[in-house]
Amino acid sequence: MSVIFKEAAIHTKVVMREPSSAFWDYVFPTMLLVLFCSVFGNSPEDYTAMLSGVICINSMTGGLYGVGLNIVALREQKILRRYKVTPVPLWKILLGICLSQVFITTLTTLLLVVVAKFVYKVNLPSNIAGLVLVFAAGTFMFCTVAFVIASVARSGHQATALTQVIFMPMIFLSGSTLPYEAMPGWIQKIAMALPATYYVSGLRQVFSGGPEGNLVNLAMMGVFSLLAAAISVKFFRWE
């Protein structure tokens, strides 16, 4: 376990030393929450929906960009090849990279919740364990999807293009930005095939205090995670 946490600590320090990381990891998500709440929010219920959407966007960004593109960059820099010849189990290195991004995403999520609570009077869920479970399932799911991108992309340019192809439909169709209920029926059917839809739905269920449907959301996030993990195991390349 010490190898995993050491690897996570190293990558966390590398990310935090980047001058732009503070803006993109903390300031930009907060600005996004304030913008959505100012434009679309009129009540605590609206603010809760906006908070759920921004948390989802933050987890997607952290997973797809923070993990997927980072791994492709490490491969292009020949760092992954060096990891491969070390006596350390390779899965521990990859898990450490994921934990690093999960830690950063968690800090940002806590910041978003604090802003929503004290600025927009959003009621925190009584079932904190449920919130943690949904957040962990969604964040892990996007990390596994990021590994699929890193596995099939042969270059940084390809990885960026694939990330955009996956990210853009989810950000608009999952309910994280536009209300899912207001979409036409045929678009809702497409949205049901997107992983982010179940993450947003799960977060809203927890914040609204209703347990109905969350078993389905958690199960679907688990299915997407297992599918993505299986594809990654099959196609992942160290060099």
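What are the ³J(HN,Hα) couplings of segment 23-34, residue after residue, when phi is run through the Karplus curve with 6.51, -1.76, 1.60 and θ = phi - 60°? Round to Hz, x for glycine and proline.
5, 6, 8, 10, 6, 4, x, 5, 4, 5, 4, 4
If I model segment 11-142 as equal point scatterers sitting on the Cα atoms and use the Debye formula, what is log10 I(q)/I(0) at q = 0.16, 0.19 Å⁻¹?
Result of the Debye calculation: -0.84, -1.07.
Give the lysines reachable from residue 92 as a straight Cα distance under 19 Å; neighbours fewer than 8 places away on the same chain don't count.
6, 13, 78, 84, 234
Would you mind checking the tilt of helix 2-16 against the longest principal axis of the Cα atoms of the chain, expressed as 0 to 90 degrees and rounded to 10?
Between the helix axis and the principal axis of the chain, the angle is about 70 degrees.
If you fit an axis through the alpha-carbon atoms of helix 90-120 and take the longest principal axis of the Cα set of the chain, what angle between them do you get, 0 to 90°, nearest 10?
Once rounded, the angle reads 20 degrees.
Taking the chain as a Gaussian network, Cα atoms linked when under 10 Å apart, which of 100, 151, 38 shows the biggest mean-square fluctuation?
With Cα springs under 10 Å in the chain, the top fluctuation among 100, 151, 38 is at 38.
How tilted is helix 128-152 with respect to the longest principal axis of the chain? Cα atoms for both, answer in degrees (0 to 90, nearest 10).
40 degrees
Per 5 Å bin from zero, what fraction in whole % of the C-alpha pairs of the chain is there, up to the bin with the longest pair?
Taking all Cα pairs of the chain, the binned fractions are 1, 7, 13, 18, 20, 16, 12, 7, 4, 2, 0, 0 percent.
With charges set only on the Cβ (+1 for Lys and Arg, -1 for Asp and Glu), what does the dipole of the chain come to about its Cα centre, in debye to the nearest 20?
Numbers: 16 positive and 9 negative charges, 191 e Å.
Its charge dipole is roughly 920 debye.
For the residue pair residue 81 and residue 17, what label-to-label distance in nm results when each label sits 7 Å from Cα along the Cα-to-beta-carbon direction?
Taking the simple label geometry, residue 81 and residue 17 are separated by 2.3 nm.
Once you sort the root eigenvalues of the Cα gyration tensor of segment 99-182 as a ≥ b ≥ c, which label holds: rounded (a/c under 1.5), prolate (a/b larger than b/c) or oblate (the other case)?
Working: a/c = 2.36, a/b = 1.66, b/c = 1.42.
Cα axes put segment 99-182 in the prolate bin.
In percent, what relative contact order does segment 52-179 have, based on Cα pairs under 8 Å that are 6 or more apart in sequence? Show your work: numbers first, answer last.
Values: 92 pairs, mean separation 63.5, N = 128.
Normalised by residue count, the contact order of segment 52-179 is 50 percent.
Say we join alpha carbon atoms closer than 10 Å with springs in a Gaussian network model of the chain; which of 26, 83, 199 then has the biggest fluctuation?
For the chain, modelled as a Gaussian network with Cα springs under 10 Å, the answer is 83.
List the relative contact order of the chain as a percent without decimals, with contacts defined as Cα pairs under 8 Å and 6+ residues apart. Each step should come with its number before you reach the end.
Numbers: 282 pairs, mean separation 67.3, N = 239.
The normalised contact order for the chain reaches 28 percent.
Between residue 136 and residue 157, take the C-beta separation as r, use R0 = 35 Å, and let me know the FRET efficiency to the nearest 0.05. Provide the component values of the computation, followed by the final result.
On the way: r = 32 Å, r/R0 = 0.91.
Approximately 0.65, to the nearest 0.05.
Read the figures in this text as sums done on the coordinates, not as results from a lab. This structure is a prediction, so every number in the text was calculated from the model and none was measured. Reconstructed Cβ throughout: ideal geometry from the backbone, glycine too, with neighbour counts over all protein chains shown.
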